[in-house]
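Shown next, in C-alpha cells, is the structure this report addresses.
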Amino acid sequence: MTAVTGTVGGRRLGFGIGCALVNNLLVGMGTGIYLPMFPLRLDMMGESPAAIGLHAVSSSIGVLLVAPYMSTWLSRLGAPFIIAIGCAAAAVAASLMLLADDYWLWFALRLVMGCGLATHWVGSDAWLNQAATEKIRGRVLSFYIVSYIGGVSAGSAVLNQLDLSSDEPFLAMVACFALALVPLAAAWRAGPVFLPSSRAASLRMFRIAPVLMTAGVLIGLADGAAFALIPLFAILAGMTDHHAVWVMTSFLLGGSLMQFPIGWLSDVMDRRLVLILLALLAVVIAPVLPFVMDAGPLTWILAGFFGAGLIGMYAVSLGIIGRRFTGGDMAAANAVFVLCYEFGALTGAPVGGAAMDMIGAPGLPLVMGVASALVLIAAVLRGRRWIPKQ
C-alpha cells in the first residue's frame with residue numbers, strides 16, 4: 001500500500017485503495033446474488049437455455065454503452081464519484097425488479113444495472129492499475145480480483161440460504177449495492193488523478209495492441225458464458241438447484257484463492273508465460289467438466305481450478321496493460337480492454353446457451369474451452385509482439 005504513485009500522498013492513495021477494495025467486496029456480494037439468481041429464476045419461469053443466455057446479453061450491452069466514455073469521465077470527475085454513480089444505478093435497478101416477474105422488464109432493468117456495474121468495473125480497474133507501481137502491480141490487482149470474487153462467492157453462498165422464488169434475492173442485492181456507497185464516501189478525495197484522454201486515444205488502442213484487445217474478446221467470451229450459465233450447465237448435467245449454486249461458488253472461490261500466487265508470479269516472471277499457463281489450464285479442464293458433475297470431490301476441485309484459469313487470464317491481462325501504458329493512455333486502454341471483454345461476454349452467454357440447446361450440458365465447456373484455446377494460441381504465436389518482457 002506504500003508503493004503507490006499519484007499527485008496526493010502515498011498514504012492517502014493507499015487508504016483510497018483500501019476503500020476501493022471494500023467497495024469491490026460489497027459490489028461483488030451483490031453480483032454474486034445476481035449472477036446465479038437470474039438463470040435459475042428464469043428457468044423456474046419456463047424459459048429455454050437460449051432465452052436465458054439472451055437475457056444475460058442486456059448486462060453486456062450496458063458495458064458497451066458506458067465503456068467508451070469512461071476515460072473522459074474519470075479525468076473530469078474522479079474514480080470515487082463515477083463508481084458511486086454506478087453503485088447507485090445498480091441499487092435502483094435491483095429495487096425496480098420487484099415490480100413484476102417479467103422477462104422483458106428484467107431485461108430492460110438488467111441493461112440499467114449493466115451500465116451501473118460497468119461504471120464500477122472500469123473505474124475500479126483504472127483506479128487500482130493507476131495507483132500501483134509496476135513492482136507490486138500484480139499483487140495489488142490480485143487483491144482487487146480476490147475482493148471482488150470473494151464477494152461474489154459470499155453472495156452466491158447467501159443466495160443459497162434465500163428463497164429463490166421470493167423477493168429476498170432482490171432485497172439482498174439492493175442492500176449490497178447501497179452499502180457499497182459507504183467506503184466511496186470515505187475515499188472521496190483519495191483516488192488517483194487521471195490525465196485527460198480523448199476518444200481518439202481510445203480508438204488508437206485497437207491499432208497499438210490489436211492482438212491484446214482480441215484476446216480480451218476471447219477471455220470475455222469464455223467468462224461471459226461461465227458467469228451466466230454455469231448453474232444451468234450443472235442442472236443440465238444432472239445436479240440439483242442447491243448443488244448447481246455450489247458449483248458456481250466453487251468456480252468463484254477457486255478463481256479467488258488462486259489470485260495470490262497468480263499475482264505473485266506475474267510480478268516475478270514474464271506475464272505472457274503466466275497467461276499461457278492459465279489458458280492451458282482452462283483448455284485441459286473444460287472437456288472434463290461434464291463428466292464430474294456428481295457433487296463429488298472432483299466436482300468442486302475442477303470447478304475451482306477452472307475458475308482460476310478463466311478469472312486469472314483477466315487479471316494478468318490488466319497487469320499487461322498497466323505495464324505497457326501510462327498516464328491517460330492507461331485509463332483509455334483499460335476502458336477499451338473492458339469494452340472488448342464485454343463484447344466477448346455479449347456473445348458468450350447466447351453462444352453457450354445455444355450450444356447447450358444443441359448438444360446438452362457439454363455445449364458450455366466446449367465454448368469456453370475453444371475460446372481459451374484461441375487465447376493460448378494468440379499468446380504463444382503472437383504474444384511477444386504485444387507483451388513486453390518483464
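The values are calculated or read from the model by the stated rules, or taken from the named source; none is laboratory data. Because the structure is predicted, anything quoted here is derived from the model rather than measured. All Cβ positions, glycine included, derive from the backbone under ideal geometry; neighbour counts span all protein chains shown.
Give the number of residues within region 98-123 that are touching a Leu at 6+ places or on another chain (Cβ under 9 Å) and touching a residue at least 60 places away in the same chain (Cβ under 8 Å).
Within region 98-123, residues that are touching a Leu at 6+ places or on another chain (Cβ under 9 Å) and touching a residue at least 60 places away in the same chain (Cβ under 8 Å) number 5.
Taking the condition in a helix (DSSP H, G or I), β-branched (Val, Ile, Thr), surrounded by 24 or more Cβ atoms within 10 Å (Cβ to Cβ) and at pLDDT 85 or above, does residue 311 pass?
Spelling it out, residue 311 is indeed in a helix (DSSP H, G or I), β-branched (Val, Ile, Thr), surrounded by 24 or more Cβ atoms within 10 Å (Cβ to Cβ) and at pLDDT 85 or above.
Determine, yes or no, whether residue 323 is more than 17 Å from residue 229 (Cα to Cα) and out of contact with any Gly (no Cβ under 9 Å at 6 or more places or on another chain).
Criteria met by residue 323.
Find the residue count for region 53-69, including only residues that are surrounded by 22 or more Cβ atoms within 10 Å (Cβ to Cβ) and under 18 Å from residue 333 (Cβ atoms).
Residues in region 53-69 being surrounded by 22 or more Cβ atoms within 10 Å (Cβ to Cβ) and under 18 Å from residue 333 (Cβ atoms): 3 in total.
Examine region 239-253 for a residue that is modelled with pLDDT under 90, closer than 17 Å to residue 138 by Cα and not in a helix (DSSP H, G or I), and state whether such a residue exists.
no
Any residue at all in region 280-298 that is crowded, with 24+ Cβ neighbours inside 10 Å, under 19 Å from residue 149 (Cα atoms) and touching a residue at least 60 places away in the same chain (Cβ under 8 Å)?
Taking every residue of region 280-298 in turn, at least one turns out to be crowded, with 24+ Cβ neighbours inside 10 Å, under 19 Å from residue 149 (Cα atoms) and touching a residue at least 60 places away in the same chain (Cβ under 8 Å).
Mind checking which pairs have a first residue in region 222-249 that is within 25 Å of residue 340 (Cβ to Cβ) and a second that is charged (D, E, K, R) and at pLDDT 85 or above, Cβ under 9 Å, 6 or more apart or different chains?
none
Consider residue 72 carefully, then state whether it is crowded, with 24+ Cβ neighbours inside 10 Å and in a helix (DSSP H, G or I).
no
Sort through 108, 185, 157, 172 and tell me the only one that's assigned to a helix (DSSP H, G or I), under 19 Å from the mean Cα position of the chain (by Cα) and either of a type in the set (A, V, I, L, M, F, W, C) or closer than 20 Å to residue 320 by Cβ (or both).
157
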